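The values are calculated or read from the model by the stated rules, or taken from the named source; none is laboratory data. Treat the numbers as computed from the prediction; the structure is a model and nothing was measured. Cβ sites come from the backbone with ideal geometry, for glycine too, and all protein chains shown count toward neighbours.
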Amino acid sequence: MRKLFLDVFDNYTEFYNNPAENINIKKTIKYDIPYEMNTILQLDPKKYLITGSYGVGNPTETPWIAIFDRSITVSAQHGFYVVILFRKDMQGCYLSLNQGTTYLRNKFKGYKPVQKMKEVATKLENSLSFHTVNGLISEINLASIQQNARAYEAANIQAKFYARNAFPSNEELAVDVQDMLENLDKIKNFIGIRTLDQVIDDLIYQEEINDVKFQEDVLISLPAKTIQAPNPVPNKTMSSPNTEKYLRDSKIAKEALILAEYKCEADPTHLTFVSPLTGENFVEAHHLIPISFQNDFKYSLDVPGNIISLCPNCHREIHHGVNENKAKMIRTFYEKRKEILRVFGINEELNNIFKMYRLSFFSIKNSDFL
Ligand SMILES: [Zn+2]
Ligand SMILES: [Zn+2]
(Lines give C-alpha, C1' and ligand atoms only; values in the text may rest on other atoms or scores of the structure.)
(Ligands and ions follow the chains in the order given, each with its own letter.)
Protein backbone atom coordinates (compact mmCIF):
# COMPACT_ATOMS: atom_id res chain seq x y z
CA MET A 1 0.00 0.00 0.00
CA ARG A 2 2.82 2.36 0.90
CA LYS A 3 4.21 1.94 -2.62
CA LEU A 4 0.95 3.04 -4.23
CA PHE A 5 0.71 6.09 -1.99
CA LEU A 6 4.31 7.02 -2.76
CA ASP A 7 3.41 6.79 -6.44
CA VAL A 8 0.73 9.46 -5.85
CA PHE A 9 3.01 11.61 -3.66
CA ASP A 10 5.77 11.45 -6.29
CA ASN A 11 3.83 11.78 -9.52
CA TYR A 12 0.55 13.56 -8.92
CA THR A 13 1.84 17.12 -9.25
CA GLU A 14 3.27 16.32 -12.66
CA PHE A 15 -0.06 14.87 -13.75
CA TYR A 16 -1.88 17.92 -12.35
CA ASN A 17 0.35 20.29 -14.30
CA ASN A 18 0.05 18.28 -17.46
CA PRO A 19 -3.03 16.04 -17.34
CA ALA A 20 -2.37 14.56 -20.78
CA GLU A 21 0.76 12.89 -19.45
CA ASN A 22 1.47 10.55 -16.59
CA ILE A 23 -2.01 9.15 -16.88
CA ASN A 24 -0.99 6.01 -14.99
CA ILE A 25 -1.63 7.95 -11.80
CA LYS A 26 -5.33 8.03 -12.69
CA LYS A 27 -5.40 4.25 -12.56
CA THR A 28 -3.51 4.24 -9.25
CA ILE A 29 -6.05 6.55 -7.62
CA LYS A 30 -9.19 5.20 -9.15
CA TYR A 31 -8.50 1.46 -9.19
CA ASP A 32 -5.22 0.29 -7.64
CA ILE A 33 -5.49 1.95 -4.24
CA PRO A 34 -9.20 1.10 -3.77
CA TYR A 35 -8.48 -2.50 -4.83
CA GLU A 36 -5.61 -2.85 -2.37
CA MET A 37 -7.62 -1.19 0.40
CA ASN A 38 -10.37 -3.74 -0.16
CA THR A 39 -7.81 -6.50 0.18
CA ILE A 40 -6.26 -5.10 3.35
CA LEU A 41 -9.45 -4.03 5.09
CA GLN A 42 -11.58 -7.05 4.12
CA LEU A 43 -14.75 -4.98 4.30
CA ASP A 44 -18.07 -6.39 3.17
CA PRO A 45 -18.50 -4.96 -0.35
CA LYS A 46 -22.27 -5.05 0.12
CA LYS A 47 -21.87 -2.64 3.01
CA TYR A 48 -18.94 -0.46 1.90
CA LEU A 49 -17.81 1.15 -1.33
CA ILE A 50 -14.17 2.24 -1.71
CA THR A 51 -13.51 4.66 -4.53
CA GLY A 52 -10.90 7.22 -5.56
CA SER A 53 -11.07 10.55 -7.40
CA TYR A 54 -8.62 12.92 -9.09
CA GLY A 55 -11.38 15.42 -9.92
CA VAL A 56 -14.07 15.76 -12.51
CA GLY A 57 -13.06 17.51 -15.74
CA ASN A 58 -9.88 19.27 -14.67
CA PRO A 59 -7.75 17.45 -12.11
CA THR A 60 -8.25 18.52 -8.51
CA GLU A 61 -5.29 19.75 -6.45
CA THR A 62 -6.25 17.38 -3.67
CA PRO A 63 -7.21 13.86 -4.85
CA TRP A 64 -8.95 11.49 -2.45
CA ILE A 65 -9.87 7.90 -1.70
CA ALA A 66 -13.22 7.52 0.09
CA ILE A 67 -14.80 4.69 2.04
CA PHE A 68 -18.57 5.02 1.87
CA ASP A 69 -21.05 3.13 4.02
CA ARG A 70 -23.62 2.43 1.30
CA SER A 71 -26.52 2.84 3.74
CA ILE A 72 -25.44 6.45 4.47
CA THR A 73 -24.13 7.72 1.13
CA VAL A 74 -22.02 6.80 -1.91
CA SER A 75 -21.30 10.42 -2.82
CA ALA A 76 -18.71 12.78 -1.40
CA GLN A 77 -21.23 15.58 -1.87
CA HIS A 78 -23.72 14.38 0.75
CA GLY A 79 -23.68 12.61 4.07
CA PHE A 80 -20.85 11.28 6.20
CA TYR A 81 -17.93 9.05 5.26
CA VAL A 82 -14.26 8.22 5.84
CA VAL A 83 -11.83 9.65 3.29
CA ILE A 84 -8.10 9.85 2.64
CA LEU A 85 -7.31 13.38 1.44
CA PHE A 86 -3.98 14.19 -0.19
CA ARG A 87 -2.35 17.54 0.50
CA LYS A 88 -1.71 19.70 -2.55
CA ASP A 89 2.04 19.76 -1.85
CA MET A 90 2.01 15.95 -1.61
CA GLN A 91 3.88 16.06 1.68
CA GLY A 92 1.31 13.79 3.24
CA CYS A 93 -2.34 12.87 3.47
CA TYR A 94 -5.11 12.81 6.05
CA LEU A 95 -7.39 10.00 7.07
CA SER A 96 -10.53 12.00 7.79
CA LEU A 97 -14.04 11.46 9.08
CA ASN A 98 -15.73 13.96 6.81
CA GLN A 99 -19.08 15.13 5.42
CA GLY A 100 -20.55 16.25 2.13
CA THR A 101 -21.25 19.96 2.04
CA THR A 102 -23.63 20.52 -0.88
CA TYR A 103 -26.69 21.04 1.32
CA LEU A 104 -24.99 23.67 3.49
CA ARG A 105 -23.32 25.33 0.49
CA ASN A 106 -26.71 25.83 -1.15
CA LYS A 107 -28.60 26.74 1.98
CA PHE A 108 -26.07 29.32 3.20
CA LYS A 109 -24.83 30.47 -0.18
CA GLY A 110 -23.25 33.88 0.30
CA TYR A 111 -23.60 33.60 4.08
CA LYS A 112 -20.40 31.87 5.10
CA PRO A 113 -21.45 28.23 4.63
CA VAL A 114 -17.98 27.21 5.78
CA GLN A 115 -18.77 28.45 9.27
CA LYS A 116 -21.84 26.19 9.29
CA MET A 117 -19.82 23.17 8.07
CA LYS A 118 -17.44 23.64 10.97
CA GLU A 119 -20.39 24.06 13.31
CA VAL A 120 -21.96 20.78 12.19
CA ALA A 121 -18.62 18.97 12.57
CA THR A 122 -18.09 20.37 16.08
CA LYS A 123 -21.63 19.62 17.20
CA LEU A 124 -21.37 16.05 15.94
CA GLU A 125 -18.12 15.51 17.77
CA ASN A 126 -19.61 16.98 20.94
CA SER A 127 -22.81 14.98 20.86
CA LEU A 128 -21.45 11.53 20.02
CA SER A 129 -19.00 9.84 22.32
CA PHE A 130 -16.52 8.91 19.65
CA HIS A 131 -14.11 6.07 20.04
CA THR A 132 -10.70 7.71 20.39
CA VAL A 133 -8.30 6.99 17.57
CA ASN A 134 -4.63 7.35 18.46
CA GLY A 135 -3.08 10.65 17.34
CA LEU A 136 -6.30 12.40 16.32
CA ILE A 137 -6.36 16.01 15.21
CA SER A 138 -9.43 18.18 14.70
CA GLU A 139 -8.13 20.59 12.06
CA ILE A 140 -6.60 19.69 8.72
CA ASN A 141 -4.66 21.76 6.20
CA LEU A 142 -4.65 20.64 2.58
CA ALA A 143 -2.40 23.57 1.52
CA SER A 144 -4.78 24.43 -1.32
CA ILE A 145 -7.07 27.39 -1.89
CA GLN A 146 -9.43 25.47 -4.15
CA GLN A 147 -13.04 25.60 -2.96
CA ASN A 148 -13.36 21.85 -2.58
CA ALA A 149 -10.22 21.63 -0.48
CA ARG A 150 -11.36 24.44 1.82
CA ALA A 151 -14.74 22.76 2.21
CA TYR A 152 -13.08 19.44 3.17
CA GLU A 153 -11.03 21.30 5.78
CA ALA A 154 -14.08 22.96 7.30
CA ALA A 155 -16.19 19.80 7.12
CA ASN A 156 -13.56 17.60 8.79
CA ILE A 157 -14.93 15.99 11.93
CA GLN A 158 -11.74 14.24 13.02
CA ALA A 159 -8.53 13.27 11.25
CA LYS A 160 -5.15 11.64 11.42
CA PHE A 161 -2.12 12.84 9.45
CA TYR A 162 0.33 10.57 7.60
CA ALA A 163 3.47 12.31 6.48
CA ARG A 164 4.86 11.22 3.12
CA ASN A 165 8.06 9.97 4.72
CA ALA A 166 6.29 8.19 7.56
CA PHE A 167 3.47 6.40 5.83
CA PRO A 168 2.03 3.64 8.06
CA SER A 169 2.23 -0.10 7.48
CA ASN A 170 -0.82 -1.90 6.08
CA GLU A 171 -1.62 -3.17 9.58
CA GLU A 172 -1.46 0.28 11.16
CA LEU A 173 -3.55 1.79 8.39
CA ALA A 174 -6.16 -0.96 8.75
CA VAL A 175 -6.46 -0.34 12.51
CA ASP A 176 -6.89 3.42 12.00
CA VAL A 177 -9.50 2.95 9.29
CA GLN A 178 -11.43 0.41 11.38
CA ASP A 179 -11.42 2.81 14.36
CA MET A 180 -12.76 5.60 12.20
CA LEU A 181 -15.39 3.33 10.66
CA GLU A 182 -16.61 2.63 14.21
CA ASN A 183 -17.17 6.36 14.60
CA LEU A 184 -18.94 6.43 11.25
CA ASP A 185 -21.22 3.71 12.67
CA LYS A 186 -22.01 6.01 15.59
CA ILE A 187 -23.00 8.72 13.16
CA LYS A 188 -25.18 6.20 11.35
CA ASN A 189 -27.02 5.39 14.60
CA PHE A 190 -27.36 9.09 15.27
CA ILE A 191 -28.91 9.65 11.81
CA GLY A 192 -31.49 6.95 12.57
CA ILE A 193 -34.50 7.31 10.32
CA ARG A 194 -33.90 10.98 9.49
CA THR A 195 -32.78 12.20 6.09
CA LEU A 196 -29.24 13.60 5.83
CA ASP A 197 -30.57 17.14 5.40
CA GLN A 198 -32.78 16.77 8.49
CA VAL A 199 -29.82 15.63 10.54
CA ILE A 200 -27.88 18.74 9.59
CA ASP A 201 -30.84 21.02 10.35
CA ASP A 202 -31.31 19.32 13.70
CA LEU A 203 -27.62 19.78 14.56
CA ILE A 204 -27.80 23.47 13.72
CA TYR A 205 -31.16 24.32 15.33
CA GLN A 206 -31.97 21.77 18.03
CA GLU A 207 -29.76 23.41 20.63
CA GLU A 208 -31.53 26.75 20.12
CA ILE A 209 -34.95 25.12 20.46
CA ASN A 210 -33.86 23.39 23.68
CA ASP A 211 -32.52 26.69 24.99
CA VAL A 212 -35.86 28.46 24.61
CA LYS A 213 -37.41 25.83 26.85
CA PHE A 214 -34.51 25.98 29.30
CA GLN A 215 -34.79 29.78 29.72
CA GLU A 216 -38.51 29.41 30.42
CA ASP A 217 -37.74 26.76 33.06
CA VAL A 218 -35.22 29.13 34.66
CA LEU A 219 -37.84 31.84 35.09
CA ILE A 220 -40.20 29.57 37.03
CA SER A 221 -37.53 27.74 39.07
CA LEU A 222 -36.67 28.36 42.68
CA PRO A 223 -33.01 29.33 43.05
CA ALA A 224 -30.46 26.72 44.14
CA LYS A 225 -27.96 27.38 46.93
CA THR A 226 -24.77 26.13 45.36
CA ILE A 227 -21.77 25.76 47.66
CA GLN A 228 -18.76 27.85 46.61
CA ALA A 229 -16.42 24.92 46.03
CA PRO A 230 -15.78 22.37 43.30
CA ASN A 231 -19.12 20.62 42.60
CA PRO A 232 -19.56 17.08 41.30
CA VAL A 233 -20.12 16.62 37.56
CA PRO A 234 -23.87 16.76 36.68
CA ASN A 235 -25.82 13.78 35.36
CA LYS A 236 -26.03 12.84 31.73
CA THR A 237 -29.23 12.16 29.91
CA MET A 238 -30.08 10.46 26.66
CA SER A 239 -31.61 13.15 24.50
CA SER A 240 -32.89 12.86 20.94
CA PRO A 241 -31.56 10.05 18.89
CA ASN A 242 -28.68 8.32 20.61
CA THR A 243 -27.14 11.49 22.00
CA GLU A 244 -25.86 11.74 25.54
CA LYS A 245 -25.98 15.21 27.03
CA TYR A 246 -25.18 16.81 30.34
CA LEU A 247 -28.21 18.36 31.99
CA ARG A 248 -28.26 22.03 32.95
CA ASP A 249 -30.11 22.69 36.19
CA SER A 250 -32.61 25.56 35.85
CA LYS A 251 -32.42 26.19 39.62
CA ILE A 252 -28.68 26.91 39.44
CA ALA A 253 -29.24 29.23 36.48
CA LYS A 254 -31.93 31.04 38.47
CA GLU A 255 -29.46 31.46 41.34
CA ALA A 256 -27.00 33.06 38.88
CA LEU A 257 -29.59 35.50 37.51
CA ILE A 258 -30.46 36.58 41.06
CA LEU A 259 -26.75 37.06 41.88
CA ALA A 260 -26.53 39.31 38.78
CA GLU A 261 -29.64 41.17 39.99
CA TYR A 262 -31.30 40.40 36.64
CA LYS A 263 -28.92 42.77 34.89
CA CYS A 264 -27.25 42.17 31.55
CA GLU A 265 -23.61 41.47 32.41
CA ALA A 266 -22.46 42.74 29.02
CA ASP A 267 -23.92 46.15 29.89
CA PRO A 268 -26.08 46.73 33.00
CA THR A 269 -27.98 49.58 31.30
CA HIS A 270 -29.60 47.05 28.90
CA LEU A 271 -33.19 47.12 30.10
CA THR A 272 -35.55 44.76 28.32
CA PHE A 273 -39.04 44.35 29.83
CA VAL A 274 -40.45 43.17 33.12
CA SER A 275 -41.14 39.45 33.11
CA PRO A 276 -44.51 38.64 34.68
CA LEU A 277 -42.96 35.40 35.97
CA THR A 278 -40.26 37.11 38.05
CA GLY A 279 -41.41 40.73 38.22
CA GLU A 280 -37.86 41.60 37.15
CA ASN A 281 -35.93 42.74 34.04
CA PHE A 282 -36.05 39.82 31.56
CA VAL A 283 -32.60 38.21 31.15
CA GLU A 284 -31.32 34.80 30.05
CA ALA A 285 -28.71 32.43 31.48
CA HIS A 286 -25.64 31.60 29.39
CA HIS A 287 -22.92 29.10 30.32
CA LEU A 288 -19.58 30.78 29.61
CA ILE A 289 -17.81 27.42 29.26
CA PRO A 290 -20.39 25.40 27.31
CA ILE A 291 -21.76 22.44 29.24
CA SER A 292 -21.12 20.25 26.18
CA PHE A 293 -17.42 20.37 27.16
CA GLN A 294 -18.11 18.90 30.60
CA ASN A 295 -16.23 15.72 29.62
CA ASP A 296 -12.98 17.71 29.67
CA PHE A 297 -13.51 18.92 33.26
CA LYS A 298 -13.20 17.23 36.62
CA TYR A 299 -15.84 19.38 38.33
CA SER A 300 -19.26 20.70 37.35
CA LEU A 301 -19.53 23.50 34.80
CA ASP A 302 -23.12 23.99 35.87
CA VAL A 303 -22.29 26.39 38.71
CA PRO A 304 -23.20 30.07 39.25
CA GLY A 305 -19.57 31.09 38.62
CA ASN A 306 -19.86 29.83 35.03
CA ILE A 307 -23.32 31.25 34.31
CA ILE A 308 -23.64 34.74 32.87
CA SER A 309 -26.85 36.80 32.94
CA LEU A 310 -27.50 38.39 29.53
CA CYS A 311 -30.24 40.40 27.89
CA PRO A 312 -31.71 38.46 24.91
CA ASN A 313 -29.92 40.72 22.46
CA CYS A 314 -26.47 40.13 23.94
CA HIS A 315 -27.29 36.44 24.38
CA ARG A 316 -28.05 36.11 20.65
CA GLU A 317 -24.85 37.96 19.89
CA ILE A 318 -22.56 35.68 21.91
CA HIS A 319 -24.01 32.75 19.90
CA HIS A 320 -24.53 34.36 16.50
CA GLY A 321 -22.50 37.57 16.37
CA VAL A 322 -19.42 38.30 14.30
CA ASN A 323 -16.31 36.62 15.68
CA GLU A 324 -14.67 39.85 16.77
CA ASN A 325 -17.60 40.80 19.03
CA LYS A 326 -18.00 37.28 20.35
CA ALA A 327 -14.32 37.20 21.27
CA LYS A 328 -14.59 40.58 22.99
CA MET A 329 -17.53 39.45 25.12
CA ILE A 330 -15.91 36.14 26.03
CA ARG A 331 -12.67 37.85 27.01
CA THR A 332 -14.49 40.36 29.24
CA PHE A 333 -16.52 37.67 31.00
CA TYR A 334 -13.45 35.48 31.38
CA GLU A 335 -11.48 38.26 33.09
CA LYS A 336 -14.40 38.92 35.44
CA ARG A 337 -15.01 35.28 36.23
CA LYS A 338 -11.65 33.53 36.26
CA GLU A 339 -11.17 33.86 40.04
CA ILE A 340 -14.63 32.59 40.91
CA LEU A 341 -14.28 29.81 38.31
CA ARG A 342 -11.17 28.70 40.16
CA VAL A 343 -13.16 28.58 43.42
CA PHE A 344 -15.48 26.12 41.68
CA GLY A 345 -12.48 24.03 40.61
CA ILE A 346 -12.59 25.17 36.97
CA ASN A 347 -9.22 26.18 35.53
CA GLU A 348 -9.23 26.91 31.84
CA GLU A 349 -7.19 29.15 29.58
CA LEU A 350 -8.91 31.82 27.55
CA ASN A 351 -7.50 30.39 24.32
CA ASN A 352 -9.15 27.05 24.98
CA ILE A 353 -12.47 28.77 25.64
CA PHE A 354 -12.11 30.60 22.32
CA LYS A 355 -11.66 27.22 20.66
CA MET A 356 -14.89 25.95 22.23
CA TYR A 357 -16.68 28.84 20.53
CA ARG A 358 -14.89 27.88 17.27
CA LEU A 359 -13.01 31.16 17.27
CA SER A 360 -9.52 29.79 16.68
CA PHE A 361 -10.34 28.35 13.27
CA PHE A 362 -11.57 31.66 11.94
CA SER A 363 -8.90 33.81 13.44
CA ILE A 364 -6.39 31.75 11.48
CA LYS A 365 -8.37 31.22 8.31
CA ASN A 366 -10.35 33.60 6.20
CA SER A 367 -13.92 32.38 6.35
CA ASP A 368 -15.17 34.67 3.59
CA PHE A 369 -14.51 32.35 0.68
CA LEU A 370 -17.19 30.26 -1.07
ZN1 LIG B 1 -26.30 30.72 25.63
ZN1 LIG C 1 -27.16 43.12 26.91
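Observations on the structure shown:
- Residue pairs meeting the criteria (Cβ under 8 Å; at least 6 apart or on separate chains; first touching a residue at least 60 places away in the same chain (Cβ under 8 Å), in region 254-270; second within 15 Å of ligand 2 (Cβ to nearest atom) and in a loop (DSSP other than H, G, I, E, B)): Ala266/Cys311
- Residue among Glu139, Glu172 that is in a helix (DSSP H, G or I), in the same structural domain as Tyr16 (by TED's automatic domain parsing) and charged (D, E, K, R): Glu172
- Residue in region 68-105 that is farthest from Tyr16 (Cα to Cα), counting only those that are in a loop (DSSP other than H, G, I, E, B) and among the aliphatic types (A, V, I, L, M): Ile72
A quick yes/no check of all residues on (1) within 15 Å of ligand 1 (Cβ to nearest atom); (2) over 19 Å from Lys213 (Cβ atoms):
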site	(1), (2)
His270	no, yes
Ser275	no, no
Gly279	no, yes
Asp302	yes, no
Gly305	no, yes
Pro312	yes, no
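- Listed by first and then second residue, the pairs linking a residue in region 310-323 that is basic (Lys, Arg) to a residue that is away from ligand 2 (no atom under 13 Å from the Cβ), with Cβ atoms under 6 Å apart and 6 or more places separating them unless they lie on different chains, form an empty list.
- The lone exception for Gln215 - which of (1) within 16 Å of ligand 2 (Cβ to nearest atom); (2) part of a loop (DSSP other than H, G, I, E, B); (3) touching a residue at least 60 places away in the same chain (Cβ under 8 Å) it fails: (2)
- Among the residues of region 308-357, just one is acidic (Asp, Glu) and within 14 Å of ligand 2 (Cβ to nearest atom), namely Glu317.
For every residue, the table says whether it meets (1) at pLDDT 95 or above; (2) assigned by TED's automatic domain parsing to the domain that holds Ala154; (3) not hydroxyl-bearing (Ser, Thr, Tyr).
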position	(1), (2), (3)
Ala260	yes, no, yes
Ala266	yes, no, yes
Tyr299	yes, no, no
Arg331	yes, no, yes
Glu335	yes, no, yes
Val343	yes, no, yes
Lys355	no, no, yes
Arg358	no, no, yes
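- Count - residues of region 192-222 that are within 30 Å of Arg87 (Cβ to Cβ) and crowded, with 19+ Cβ neighbours inside 10 Å: 3
- Checking Asn165, Asn134 one by one, the residue that is in contact (Cβ under 8 Å) with a residue 12 or more places away in the chain and assigned by TED's automatic domain parsing to the domain that holds Asn98 is Asn134 and no other.
- Residue within region 332-351 that is within 16 Å of ligand 1 (Cβ to nearest atom), within 24 Å of Tyr205 (Cβ to Cβ) and crowded, with 18+ Cβ neighbours inside 10 Å present: no
- Residue within region 273-280 that is within 16 Å of ligand 2 (Cβ to nearest atom), touching a residue at least 24 places away in the same chain (Cβ under 8 Å), β-branched (Val, Ile, Thr) and buried (at least 16 other Cβ atoms within 10 Å of the Cβ) present: no
- Yes/no for Ser75 being without any contact (Cβ under 8 Å) to a residue 60 or more places away in the chain, farther than 29 Å from Phe15 by Cβ and among the hydroxyl-bearing types (Ser, Thr, Tyr): no
- Restricting region 282-307 to residues that are over 24 Å from the mean Cα position of the chain (by Cα) and crowded, with 20+ Cβ neighbours inside 10 Å, the residue that is nearest to ligand 2 (Cβ to nearest atom) is Val283.
- Scoring Ser127 on the criteria (1) more than 27 Å from Thr13 (Cβ to Cβ); (2) of a type in the set (Gly, Ala, Ser); (3) surrounded by fewer than 19 Cβ atoms within 10 Å (Cβ to Cβ) leaves a single failure, condition (3).
- Count of region 314-323 residues, restricted to those that are surrounded by fewer than 18 Cβ atoms within 10 Å (Cβ to Cβ), within 11 Å of ligand 1 (Cβ to nearest atom) and more than 18 Å from the chain's Cα centre (by Cα), is 2.
- Any hit, region 286-297, residues being more than 16 Å from ligand 1 (Cβ to nearest atom), under 17 Å from Ala224 (Cα atoms) and either of a type in the set (Gly, Ala, Ser) or in contact (Cβ under 8 Å) with a residue 40 or more places away in the chain (or both): no
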